[in-house]
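Encoded as structure tokens, the structure appears first; notes follow it.
The values are calculated or read from the model by the stated rules, or taken from the named source; none is laboratory data. These figures come from a predicted structure and were not determined experimentally. All Cβ positions, even for glycine, are placed from backbone atoms using ideal geometry, and neighbour counts span all protein chains on display. Surface accessibility is based on the protein's heavy atoms, side chains included, excluding ligands, DNA and RNA. Shrake-Rupley method; radii C 1.70, N 1.55, O 1.52, S 1.80 Å.
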Amino acid sequence: MLCARECPDWCIYIDSHKETLPAEGGGRARTRNVLDRFAIDFALCMYCGICVEVCPFDALFWSPEFEYAEYDIAELTHEKERLREWMWTVPPPQAPDPGAEDPKELAAAEKAAARAARASGGPPGDAR
């Protein structure tokens with residue numbers, strides 16, 4: 001729900017309820033959120049893209065579709081079913097640049113693995 005919290009226009013509506021799942025094998029019961037409503041009111045949206053940036057699940061995308069004029073302003077609130085129709089208009093992500101640097105996390109993990117291998121006296125990736 002970061003997108004709804006970070007939206008400066010408060011144009012994203014999320015409603016959910018908690019559901020309890022029975023435990024398997026005598027464990028503790030778990031609860032999970034179930035999405036009831038996800039809607040974006042494009043009459044309020046200023047297209048800043050903050051929601052796309054903060055989504056940790058990459059659930060929001062920019063689409064090349066930009067023409068969705070309506071005669072009634074109430075029709076500019078798009079529920080999740082209508083938003084799902086746009087998924088097919090989203091272009092695939094660009095291929096990574098072969099000359100680009102590795103992400104910092106990957107480089108740090110490789111360095112840590114190399115350090116651990118040197119400390120154990122074997123080549124990197126050698127499980128002793």
**Fill in**
Matching residues in region 1-36 (in contact (Cβ under 8 Å) with a residue 40 or more places away in the chain and over 23 Å from E81 (Cβ atoms)) number 2
**Message:** List pairs: first residue in region 37-56 and within 10 Å of C11 (Cβ to Cβ) and touching a residue at least 40 places away in the same chain (Cβ under 8 Å), second residue open to solvent by 30 Å² or more (accessible area, probe 1.4 Å) and among the aromatic types (F, W, Y) anywhere in the structure, Cβ distance under 6 angstrom, at least six positions apart or on different chains.
**Reply:** A39/Y13
**Message:** Among the residues of region 77-94, are any more than 30 Å from D36 (Cβ to Cβ) and more than 18 Å from the chain's Cα centre (by Cα)?
**Reply:** no
**Fill in**
Checking T77, T31 in turn, the sole residue that is surrounded by 10 or more Cβ atoms within 10 Å (Cβ to Cβ), on the phi < 0 side of the Ramachandran plot and not charged (D, E, K, R) turns out to be T77
**Fill in**
Sole miss for R82 among (1) touching a strand residue (DSSP E or B) at 6+ places or on another chain (Cβ under 9 Å); (2) open to solvent by 100 Å² or more (accessible area, probe 1.4 Å) is condition (2)
**Asked** Does C51 satisfy the condition of being in a loop (DSSP other than H, G, I, E, B) and open to solvent by less than 70 Å² (accessible area, probe 1.4 Å)?
**Response** no
**Complete:** In region 85-112, anything open to solvent by 80 Å² or more (accessible area, probe 1.4 Å), over 25 Å from L60 (Cα atoms) and not in a helix (DSSP H, G or I) is listed as P98, E101
